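In what follows, a single structure is set out as structure tokens and then discussed.
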Amino acid sequence: MPRMRRALATVFLFALTCSSPASAQPGRTGAFTQPLSPRNANYTIAARLDSATRTITGSETITWRNITSKPAADLQFHLYWNGWKNTRSTFMRERALGSGNDDSRRRPDEWASIEVTTITVAGSDRTATKRFIAPDDENPNDETVMSLPLAQPIEPGASATIEIAWTAHVPRTFARTGAIGNFFFIAQWFPKLGVLQEDGWNCHQFHSGTEFFSDYGVYDVSLTVPAGWPLGATGVPRERRDNGDRTTTHRYYQEDVHDFAWTTSPDYIERTARFEHPRLPPVEMRLLLQPEHAGQAERHFDATRTTLKYYGEWYGAYPYGHITIVDPAFQSGAGGMEYPTLFTAGTRWLAPAGVTTPEGVTVHEAGHQFWYGIVGNNEFEDAWMDEGLNTFSTARAVAQVYDPNHLALHYFGGFVPWVFKDIALGRETEGNRLAGYRRDAKSDAQSTPTYRYFPSTGGSITYNKTALWLNTMERWIGWPVLQRAMSTHFETWKFRHPKPNDFFDVVSQVTGQNLGWYFDQVYRSSNVFDYGVQDLKSVRDGDQYRANVVVRRYGEGTFPVDVLVTFSNGERVTEHWDGTDRWKLYAYDRLAPVLSAQVDPNRVLLLDVNYTNNSKTLEPKGAAAATKWSLTWMVWLQDCLLSWAALV
Ligand SMILES: [Zn+2]
């Protein structure tokens, strides 16, 4: 999902050439000749949506294999929609810690629920033994995790067939899932197994600040919805059957994914296009669009192509051959979310050429196909591994195509965009959301399991901080090296579940350096970095000038930084400070007086929380003063963007 997506509602000079026309391509089947993943959690689902009562009646057969070395004495399932059942769930209690969510006016039918009516394991009815557990916070009112003790443990390597019937009520949207009018976006919607690990089940309760985690498998899903309603889903359509009762059943199929989401609405219009690249496999793109956005189809396709091209070139190929882009209904709250082979974007009725709505969110959500979809980290615990890597990658991809990127704000209830063409927003600062990081820098150490971050500030650590420390690495060790590290991580961990140390190990391996000291600071601590020029003096000494430059480490974080000293005769000296002491003096005897000093002149350390103290000048010239003024302006602007983003 996006972090403060609307802060990305910035403007680009849109310079893409027209896309190549869609050409005939044999339909994709959702199948691979060789399994790409362990396929240990496979779901065959049949579900019927009653759009009038907003209920779903479903049944599923799960074929699950124990791929650990320990027997499983129970099974644990996520029942995510119970997080939106009432205000006593852990999700809702955490949501109340943040601001801006008023759920008190919801009508009873705008809440959600999911109830398992029967469950059998290997043909034996176990319904009576199911119970709710709350492994994270022992909240007795939380019903988002169901444990099912087994009569016989499932041994390592053994498989079990589990059959579940359930009913669920579709809410008015929570967390991008739900309904408004005849628009339905259905995600996290079926009883879903947690992930069995060597240390037991990893099956967290549903939290307001975190997303999901599950094993890879094969999904074969039949969905019955009102006849004539277009439907989009993970995978590819295999079959469509009109039932003669004004309903149609759509069957979708996909191998080697870890989730399945779908959407239906009578209002969707459909467009298709194709991604082609000399070295990457083609991808059929399907767009389900709101009719009022019909004119923006190509922009969605072009932004998706941007992701498939750059992420494909940098990290590895998108293997599925098809992707579905969903433009959700106005005020649905369903925009900006990722699911395997399908994602929701989000645009506005007035989206003039050059505004990054919908490009920013489209690049980001398409990007999750790589970080989240293909490389499947645990989003409950290590959300930075997908959101952070993806925020960094989004900003990088956007900068390739849509640079320069300008500020836009929306007025009159958000409808009317105004473009500030004289304000360029940089990839490194705005793209990586520096302002949000600066605000929340100490809110949590990144290594804290994500579900335990303070809910309303966790995003700044997950998304912004990671993007900033990755971009800092890029500026420090160089993109070719970082790109090699990230693509090695992608190749090593695709269709598996990497942990943070797996990423750090790959980076250290590829760079050939022990970067533990860096990860100790950016990942394992909440220390902030702040270098600055404390003092700059020029003292006349006979026919010479003595220059005293005192640079200081104001923050707890340490990082090697350059110090650039400029003299009035134009001479420039660059010092390399290891940055570990609290301060350092650089003294010079020169015929010319010193003019200025700057710490980290190339702004390698993007995590520096206060860049305005990084330089001092003795004789401010017009240009220098203007720079200072514009820095102040940018600081004000970032704060303004932040407050504004929090309100919408
Ligand atoms: Zn995201």
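The values are calculated or read from the model by the stated rules, or taken from the named source; none is laboratory data. Since the model is a prediction, treat every value here as computed from it, not as a measurement. Glycine also receives a Cβ, built like all others from the backbone with ideal geometry; neighbour counts cover every protein chain displayed. Areas reflect the complete protein model, heavy atoms only, side chains present, ligands, DNA and RNA absent. Shrake-Rupley method; radii C 1.70, N 1.55, O 1.52, S 1.80 Å.
For the residue pairs K85/K499; K537/K616; K465/K499; K85/K130, the alpha carbons lie more than 21 Å apart in K85/K499. Taking amide H positions as modeled 1.01 Å from N, with prolines and chain starts lacking one, the residues under 5 Å from V375 and 5 or more places away or on another chain are F495. What the phi angles of the stretch 307-320 give under the Karplus curve with 6.51, -1.76 and 1.60, with θ = phi - 60°, is a coupling list of 5, 4, 6, 6, 5, x, 6, 7, 10, x, 6, 7, x, 7 Hz, glycine and proline written as x.
What does the accessible area per residue of the chain come to in Å², with a 1.4 Å probe and no ligands, DNA or RNA counted? Don't skip to the answer; put the middle values down first.
Numbers: 25220 Å² over 648 residues.
Normalised by residue count, the accessible surface of the chain is 39 Å².
In this structure the amide hydrogen of H322, modeled in the peptide plane, comes within under 5 Å of the amide hydrogens of E284, none closer than 5 places in sequence on its chain.
Assign unit charges at the C-beta atoms only (+1 for Lys and Arg, -1 for Asp and Glu), then state the dipole size of the chain relative to its Cα centre in Debye, rounded to the nearest 20. Before the final figure, lay out the partial values.
Numbers: 63 positive and 71 negative charges, 190 e Å.
The calculation lands at about 920 debye.
Relative to the dominant Cα principal axis of the chain, helix 479-493 is inclined by about 20°. Derived scalar couplings between HN and Hα for the stretch 183-188 equal 9, 10, 10, 10, 9, 6 Hz in order, rounded to whole Hz, by the Karplus curve 6.51 cos²θ - 1.76 cosθ + 1.60 (θ = phi - 60°), x for Gly and Pro. Only alpha carbons enter this Debye calculation for the chain, each as an equal point scatterer, and the log10 of I(q)/I(0) it gives at q = 0.07 Å⁻¹ is -0.48.
When the alpha carbon gyration tensor of the stretch 56-194 is reduced to an equivalent ellipsoid, its three semi-axes come out at 30, 17, 12 angstrom, largest first.
Using DSSP, restrict attention to beta bridges with both residues in the stretch 211-333 and report what percent are antiparallel, rounded to the nearest 5.
On the way: 26 of 31 bridges.
DSSP beta bridges in the stretch 211-333 are roughly 85 percent antiparallel.
Computed from phi, the 3J(HN,Hα) profile of the stretch 502-515 under the Karplus parametrisation 6.51, -1.76, 1.60 (θ = phi - 60°) reads 5, 5, 4, 4, 4, 5, 5, 4, 6, 7, x, 10, 7, 9 Hz, with x in place of Gly and Pro. Packing-based ranking of 262-271, 66-75 yields 262-271, 66-75, ordered from highest to lowest mean Cβ neighbour count within 10 Å.
Taking the chain as the reference, fit the longest principal axis to its C-alpha atoms, fit the long axis of helix 622-647 to the helix C-alpha atoms, and give the angle between the two in degrees, 0 to 90, nearest 10. That works out to roughly 20 degrees.
Just the protein heavy atoms count here, and of the accessible area of the chain at 1.4 Å, carbon and sulfur take up 51 percent.
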